[in-house]
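What follows is calculated from the coordinates using simple rules that are stated; it is not laboratory data. The structure presented is a predicted model; accordingly, all values stated were derived computationally and were not measured. Positions of Cβ are generated from backbone atoms using ideal geometry, with glycine treated the same way; all protein chains shown enter the neighbour counts.
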Amino acid sequence: MIKNIKINLEAIEAMNYFWHAAADKDHIEESFFQNVGQMEAMKFIYDDEFNEESVRLVLSAIKNRELINGNKKEMKFWNYNMWVMEDFQYTQMMIDPCKKLNIDFLLDEIQEYNNKNYEEIEVVFSMMYDGVYEIKGNKLIVNFFRVKPDDFEEGKTYIDKVDIKEFMKEKIIELLR
């Protein structure tokens, strides 16, 4: 029986600090980049071409206002981070629904799909260079860069053109099957 759905916002919190500090030209310790690279939320997106060093390299380049000469994944990660730094009001409209997201109402609805007998599900918002989501065991990793506030209706938020709560329901059911 699923008892809890946890929302992991550590990457959003750390990166929001970074985006503002970098935009304000504040001093950011190199150790911060390493700490971000070591976050669980980031480790889920690593592969042979994109790893902890990639995160450090990209964040350091952004802080130093440098273009990056990395591989395709590192360049996409750099681009996404630069994009969210262009309009902090819009970025905050992406962050707020993630922070306020409460999907405990799904607990009763998803029990029947729990073929893997999980007791806890974790929704992890990560800064993915590609894709919309991934499933790793009992974790749903969601690409923060794909969170989109509605342009016309305040309070409406989408992920991949699906209402955020409906998206969570669909993907958690997929995770459980």
>> Springs between alpha-carbon pairs under 10 angstrom, Gaussian network model over the chain: which of LYS165, LYS72, LYS148 fluctuates most?
In response: LYS72
> Extension gain LYS99-GLU10, at 0.36 nm per residue separation less the Cα-Cα distance, in nm?
Replying inline: 31.0 nm
>> At 7 Å along Cα-to-Cβ for each site, give me the label-to-label distance between TYR46 and MET85 in nm.
In response: 2.4
>> What distance in nm lies between label points placed 7 Å from Cα along the C-beta direction at GLU119 and ASP151?
In response: 4.7
>> Cut-off under 18 Å on the C-alpha distance; same-chain residues fewer than 8 positions from LYS72 excluded. Which aspartates and glutamates are left, in chain and number order?
In response: ASP47, ASP48, GLU49, GLU52, GLU53, ASP130
> For volume of the Cα convex hull per residue in Å³, the listed values are (i) 114; (ii) 220; (iii) 129; which was obtained by calculation from the structure presented?
Replying inline: (i)
> List the chymotrypsin sites (Phe, Trp or Tyr not before Pro) in the stretch 92-172 that DSSP assigns to loop (not H, G, I, E or B) and whose Cβ has at most 16 other Cβ atoms within 10 Å. Which are they?
Replying inline: PHE105, PHE152
>> Under the rule that an exposed site lies in a DSSP loop and has at most 15 other Cβ atoms within 10 Å, name the longest stretch of the chain with no GluC sites (Glu not before Pro) of that kind, not counting the sites themselves.
In response: 120-152
> For the Cα atoms of the chain, what angle does the longest principal axis make with the long axis of helix 72-84, in degrees from 0 to 90, nearest 10?
Replying inline: 90
> At a Förster distance of 41 Å, what's the computed FRET efficiency of ALA21 paired with ARG177, Cβ-Cβ distance as r, to 0.05?
Replying inline: 0.50
> Where a Cα-Cα gap under 18 Å defines reach, which lysines qualify for LYS73, not counting those fewer than 8 residues away within the same chain?
Replying inline: LYS43
>> I'd like the antiparallel share, as a percent to the nearest 5, of DSSP beta bridges with both residues in the chain.
In response: 45
